[in-house]
1. Between B:THR165 and B:ARG78, take the C-beta separation as r, use R0 = 35 Å, and let me know the FRET efficiency to the nearest 0.05.
2. Taking 0.36 nm per intervening residue step and subtracting the Cα-Cα distance, what contour gain separates B:VAL88 from B:MET150 on full extension?
3. Over chain A, calculate the relative contact order: mean separation of alpha carbon pairs under 8 Å at least 6 apart, over the residue count, as a percent.
4. Quick one: dipole size for chain A, taken about the Cα centre, charges +1 on Lys/Arg Cβ and -1 on Asp/Glu Cβ, in debye to the nearest 20.
5. Please rank B:ARG23, A:ARG102, fewest neighbouring Cβ atoms within 10 Å first, as an exposure proxy.
6. Under a plain spin-label model, where a point goes 7 Å from the Cα along Cα-to-Cβ, how far apart in nm are B:THR139 and A:LYS93?
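Values in this text are rule-based calculations from the coordinates and carry no lab data. Only a predicted model underlies this, so the values are computations on that prediction, with no experimental measurement involved. Cβ sites come from the backbone with ideal geometry, for glycine too, and all protein chains shown count toward neighbours.
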Amino acid sequence: MSLDPLPLCLLFSSALVCLGLIGALARSNTILVLLGIELMLNAANLNFIAFWRYGPVTSPATGVMFVMFSIAVAAAEAAVGLALIIAVYRHQKNIRLQEANRLKG
Amino acid sequence: MTAALILIAVFTLATAAVALSLRNLIHSALLLIASWFGIAAFYLWAGAEFVAFAQVLVYVGAVSMVVLFAVLLTRRSRADTVIARDSVERAISAVITGIAVFGVLVAAILKTSFARLSPAGVPPLQSGTGVSPVISAPTATVRDIGMQLMSAHAAALLIIGILLTVALLGAVVLAAQDAPESKQESP
């Protein structure tokens, strides 16, 4: 049973999402937190592809479409997040999350 | 076929875990690029070639460069890419949380019966070639994807274009220096 490809893919992606969660919770550097969130988004994309490949038959390119749009949204998120990091660094001269605790610049 | 999947999974998970536990940010970014390559290899394994190449272009090509720029722009001195040690309590509680979530997910996956979902005609393992036999699996050629993008998903394509434009303009506005007033005062 555990040699079926679909549960293996799902286990792979859940391990990846938990790694991203651990990274985002444990590190205090903003860039590493953002990279953990990127890993979690990638794990969601893995699930889309796994169900597209092994799930019930739908229209032929549905999963691929979903992953394309998801990658585009993730890229936009990365760009905005890193711009925010640079803006925070300019105010605080530091990108530790614990020290970014003021709303006023 | 399954062995290739396990190999890809182990590579991706190992590089991601090491990347998120290192203290040198440059090494972390480079290891995450390897992890994204592993995810692209998974897409190739699953038969979604176009997504694999999009992953390589977007993540390995673009997002990694943005991350490296952010690392290098937010350091205080030339050697300041090694960050201070994080607190151990937070790391332990994060690992406990992650393992708990993983346990819930694994229990849910193992209790679900996927036999009803999988296509009936999946052939058994083929010896020899590493290429997976793709019979009764969905295929999406670039032509299919282009036709779908221009017909059924045209509205979504336009919206994602607007979203990307707005997000990148917003990123430029956020990251830009706001010091034009001193320039105006100087002759």
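1. 0.45
2. 17.2 nm
3. 26
4. On the way: 7 positive and 4 negative charges, 110 e Å.
Here chain A has a charge dipole of around 520 debye.
5. Fewest to most other Cβ atoms nearby, the residues stand as A:ARG102, B:ARG23.
6. Inter-label distance under the simple model: 6.2 nm.
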